[in-house]
Each structure stands twice: as structure tokens, then as C-alpha cells.
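Have a look at the structure below before the remarks.
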Amino acid sequence: MEQKFADLIWENEPISSGELVKLCETEFSWKKSTTYTMLKRLCERKIFENDKGTVYSLMKKQEFHAMQGEEFLKETFGGSLPCFFAAFTRRNKLSMKEIEELQRLIDEHKEE
């Protein structure tokens, strides 16, 4: 739900906290307290800021996705990208295009 909530803010920012409550009620059937609890959690993580009732992002969507991916990798695979990749490829075959893209990313981010 964090992802859906964050997407809602990014799509509408800057947004008043009151308007965010209305949107969350419509989109997720949330009560006001649920919206503020989720907002507080994401503000504490420095993803969003609620400044005098106006909510805006401190982190870009791509940065958030990278952080979520890192947390998933850490929690599920002990931070090991090779373990994740091995698990993923056990059930999924890669196309040549995907292999080339992965190789390009590896080459770009190799330690020297």
C-alpha cells in the first residue's frame, strides 16, 4: 500500500493534506487516521514532507523504487543480488534483449 499511496501523492503533488485524505478515502476507502498514519511513516523516512498542511515529495519516484528494491533484496535474499537472480531465473527465462540490457547495466556499474 505504501507504493499506491506514494504514487497518489506523486500524481497530485503538491497536495493539501485535507485533499489527500479525500483522495485516500475515494481510492482506498481509508479513514482520515489511516491516511495520516501512512503519511507520517513516509515523512519519517524522508520520502515526503508535510509542511503546514501541504504535502510534497523529498524523493523522486525512481529513488523510492530503488530503495524499495534494496529493502526487498536485503530482507528476502540477505542483500545478495546473485541469490535473487538465481531464484528469479529458476522460474523465468531471459530473452536476448534482457540479457544484453543486464550485461550493459553490469558493465556500467562494475567496480574498477
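Data table
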item	result
Within segment 22-36, tally of residues that are surrounded by fewer than 19 Cβ atoms within 10 Å (Cβ to Cβ) and closer than 16 Å to TYR56 by Cα	2
Single residue of segment 18-55 satisfying the filter (touching a residue at least 40 places away in the same chain (Cβ under 8 Å) and not β-branched (Val, Ile, Thr)) that is farthest from MET67 (Cα to Cα)	PHE48
Test: residue in segment 4-17 that is part of a helix (DSSP H, G or I), touching an Asp or Glu at 6+ places or on another chain (Cβ under 8 Å) and without any contact (Cβ under 8 Å) to a residue 24 or more places away in the chain	yes
Entirely in segment 31-112, the helices (runs of 4 or more DSSP H) that have 3 or more residues that are out of contact with any strand residue (DSSP E or B) (no Cβ under 7 Å at 6 or more places or on another chain) and not assigned by TED's automatic domain parsing to the domain that holds GLU13	61-77, 81-91, 96-108
In segment 36-58, the residues that are out of contact with any helix residue (DSSP H, G or I) (no Cβ under 8 Å at 6 or more places or on another chain) and polar (S, T, N, Q)	THR37
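Here's the yes/no breakdown for (1) among the hydroxyl-bearing types (Ser, Thr, Tyr); (2) loosely packed, with under 12 Cβ neighbours inside 10 Å; (3) more than 22 Å from GLU44 (Cβ to Cβ):
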position: MET67; (1), (2), (3): no, no, no
position: THR76; (1), (2), (3): yes, no, yes
position: PRO82; (1), (2), (3): no, yes, yes
position: PHE88; (1), (2), (3): no, yes, yes
position: LEU94; (1), (2), (3): no, no, yes
position: GLU98; (1), (2), (3): no, yes, yes
position: LEU102; (1), (2), (3): no, no, yes
position: ILE106; (1), (2), (3): no, yes, yes
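The values are calculated or read from the model by the stated rules, or taken from the named source; none is laboratory data. Treat the numbers as computed from the prediction; the structure is a model and nothing was measured. Reconstructed Cβ throughout: ideal geometry from the backbone, glycine too, with neighbour counts over all protein chains shown.
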